[in-house]
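The values are calculated or read from the model by the stated rules, or taken from the named source; none is laboratory data. Note that this is a predicted model, so its numbers are computed, not measured. Glycine also receives a Cβ, built like all others from the backbone with ideal geometry; neighbour counts cover every protein chain displayed. Please note that ligands, DNA and RNA were not included when accessible areas were found on the heavy atoms of the full protein model with its side chains. Shrake-Rupley method; radii C 1.70, N 1.55, O 1.52, S 1.80 Å.
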Amino acid sequence: MKRTVNYDKYPVVDCAFAPELCVTGADAVAGAFRHAYADKQRIVIDTYPGAVDEPTLQLIRAAFPNHCIVQTADLMLSEQAVREMVEPWVTDDPVFGIMSRLQMDAFFDPAKVQHFHDELNEQPVILYGVGAQAILKGDLCIFADLARWEIQLRQRRKQVSNLGVRNHDDGVWRKYKWAFFVDWRVADRHKRSIWNDIDLFLDLHDPAMPKLISADAVRDGLAQCVNRPFRVVPFFDPGVWGGQWMKEYCDLPKDAVNYAWCFDCVPEENSLLMRFGDVTIELPSINLVHHHPESLLGQAVYGRFGAEFPIRFDFLDTIDGGNLSLQVHPLTEYVQQHFGMHYTQDESYYMLDAREGACVYLGFKPGVDPKEFVTALQTAQSAPNQPLDAERFVNKIPARTHDHFLIPAGTIHCSGKESMVLEISATPYIFTFKLWDWERLDLNGKPRPINIRHGAANLNYGRDTDWTMKNLVNQTTQIASGDGWVEERTGLHEAEFIETRRHWFSKPVTHNTNGGVNVLNLVKGEEAVVESPSGAFTPFTVHYAETFIVPATVGEYVIRPIHGECATMKAFVRTLP
């Protein structure tokens, strides 16, 4: 059935605030600098790792012709010293590292920093670059912020390097891994420490169209976000197994080879669009998590996870594509001991759409011998003429639209082709141990990394066919019903901390955050409206397949269908007994 394409790829939060400064374009930004800040003697322009420096430096030179510009890159340790310092965190593993505990000041050479301070005099100076505010407390602090998806795109284009080194030409995965385990941890700690000192934000997501806004406006806009439902900006990426469903239903370019992923709610990497009048500013949505964690997450969730958003929604599109890799996620103890994470990636597959032949590989067949299975994996990896007979070892379960498959850590699994999966999971998603990739290369013609050693240490062979069918497939129980609506519990498994509820409704249905963040997706229906019974927020329209966040502070809210029957999938963190 043909469906109206109304998926919003650029959701915006309208902010009721008139900032004293909010301008767009290099000339306007330079003019604002000259008009309001030319008298500032010591200016700090602190950047998140991944900024493309030269366009910004040109703007600064034009705006402040009388200032001496010093770059923090010239005050850092030698590249060799940086590499030695980060190596224990980056590691020599091709995929995984360890979450770094480094602080920003560790990257700077004390002698160079001291010389910089010794040379300071009455001459106006601008200190520009990553960590600038850690070196100099200026008369004016500007922060140039970036979302991580934009950084990844720049890494792929070989435009940027990792913190403290010049490695533009390194492999994409190496740069991403370095950023994930080191750069972003260090930069986030630094940004959080100077948050209240920032006077202005510089939005550099489009280097050709910079935007400048007062930090008070940004802080006020973020405070508004946690009192209403909102969406973060989704991003889409191709993959070796990617499909064609999202091209149609999310209105994506038809000339792309495929789209494998849509990260529709991953606040650590998504951005947030905030509109002030006729100017829209893009900033990392992680800022909201870091600076309003209790209001967004709720007291219990914040107390359990800290300032991290623990729920992830994303799409996996294999329609007219291929199987995902056969994989497993680490057990909690394993991810704590080996990678410095305090929780793991439990997950589930909700079938947003399923075509003929759709299936999920989930759990082992009865009586699988662990040594035999691992040997078969190793042989398939080393001997291309002896591929893995996956169905000899792993259950292949037919899948239909609206089926829900639960996947606690330690369970072997993957989605088969002809499926459009809404993946509902915990957030530390980089920790996927691929065991078998169906004899294929990635989009660049290279083998994707296989992690048999890590994977073998986490496989639970007790999750066989009988256990899987009884515990992980369509564990649906009706919880409540009313006039025009039914609520069902669909999971997750008791080993997982996320609870999921599905509501079928043809009339308005009332929800309540109960003091914890809710994440929802409209899995059926053209559109629905989210409303506050007390009028606490402006009615919020959601469309088919869109994921949205309802902060803990919202409390009671109502979802009203627009046309016919709708359905939502809702996830929240279970309350500990």
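Values as computed for the structure displayed
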{"item": "Number of the exception - residue 444 against (1) modelled with pLDDT of 95 or more; (2) within 24 Å of the chain's Cα centre (by Cα)", "result": "(1)"}
{"item": "Leading residue by the ranking (surrounded by the fewest Cβ atoms within 10 Å (Cβ to Cβ)) among those in the stretch 388-400 that are assigned to a loop (DSSP other than H, G, I, E, B) and not small (Gly, Ala, Ser)", "result": "389"}
{"item": "Residue in the stretch 556-574 that is without any contact (Cβ under 8 Å) to a residue 40 or more places away in the chain and more than 21 Å from the chain's Cα centre (by Cα) present", "result": "yes"}
{"item": "Scan of the stretch 538-572 for residues that are open to solvent by 20 Å² or more (accessible area, probe 1.4 Å) and in contact with a helix residue (DSSP H, G or I) (Cβ under 7 Å, 6 or more places away or on another chain), ordered by number", "result": "553"}
{"item": "Matching option when the condition is open to solvent by 50 Å² or more (accessible area, probe 1.4 Å) and within 27 Å of the chain's Cα centre (by Cα), among 514, 458", "result": "514"}
{"item": "For residue 385: the one exception among (1) surrounded by 14 or more Cβ atoms within 10 Å (Cβ to Cβ); (2) in a loop (DSSP other than H, G, I, E, B)", "result": "(1)"}
{"item": "Residue that is surrounded by 13 or more Cβ atoms within 10 Å (Cβ to Cβ), within 30 Å of the chain's Cα centre (by Cα) and either of a type in the set (Val, Ile, Thr) or over 30 Å from residue 447 (Cα atoms) (or both), where the choices are 108, 116, 96", "result": "108"}
{"item": "Criterion: in a strand (DSSP E or B), touching a His at 6+ places or on another chain (Cβ under 8 Å) and of a type in the set (Val, Ile, Thr) - qualifying residue of 486, 519", "result": "486"}
{"item": "Search result, residues across the stretch 197-224 that are among the aliphatic types (A, V, I, L, M), more than 14 Å from residue 26 (Cα to Cα) and open to solvent by 10 Å² or more (accessible area, probe 1.4 Å)", "result": "223"}
{"item": "Selected residue (criterion: modelled with the highest pLDDT) from residues of the stretch 197-224 that are acidic (Asp, Glu) and assigned to a helix (DSSP H, G or I)", "result": "197"}
{"item": "Residue list for the stretch 33-54, restricted to those being more than 22 Å from residue 121 (Cα to Cα) and open to solvent by 40 Å² or more (accessible area, probe 1.4 Å)", "result": "35, 36, 53, 54"}
{"item": "Subset of the stretch 84-106 (residues that are of a type in the set (Asp, Glu) and at pLDDT 95 or above)", "result": "84, 87, 105"}
{"item": "Positions within the stretch 322-361 being under 14 Å from residue 415 (Cβ atoms) and of a type in the set (D, E, K, R), in sequence order", "result": "347, 353, 355"}
{"item": "Pairs, first under 24 Å from residue 287 (Cβ atoms) in the stretch 303-321, second modelled with pLDDT of 95 or more and assigned to a helix (DSSP H, G or I), C-beta under 6 Å, six or more apart", "result": "307/289; 307/290; 307/293; 309/289"}
{"item": "Every pair of residues 6+ apart whose Cβ atoms lie under 6 Å, when the first sits in the stretch 453-464 and is closer than 16 Å to residue 333 by Cα while the second is hydroxyl-bearing (Ser, Thr, Tyr)", "result": "458/334"}
{"item": "Cross-chain or 6+ apart pairs with Cβ under 8 Å, the stretch 268-297 first and on the phi > 0 side of the Ramachandran plot, then of a type in the set (A, V, I, L, M)", "result": "277/18"}
{"item": "Subset of the stretch 110-146 [assigned to a loop (DSSP other than H, G, I, E, B) and closer than 30 Å to residue 271 by Cβ]", "result": "130, 131, 136, 137, 138, 139, 146"}
{"item": "Helices (runs of 4 or more DSSP H) contained entirely in the stretch 225-331, each with at least 1 residues that are open to solvent by 30 Å² or more (accessible area, probe 1.4 Å) and among the polar types (S, T, N, Q)", "result": "293-297, 299-305"}
{"item": "Test: residue in the stretch 465-487 that is touching a residue at least 12 places away in the same chain (Cβ under 8 Å), under 24 Å from the mean Cα position of the chain (by Cα), surrounded by 18 or more Cβ atoms within 10 Å (Cβ to Cβ) and over 30 Å from residue 344 (Cβ atoms)", "result": "no"}
{"item": "Candidate set from the stretch 147-196 (those that are among the β-branched types (Val, Ile, Thr) and assigned to a helix (DSSP H, G or I)); member that is most open to solvent (accessible area, probe 1.4 Å)", "result": "172"}
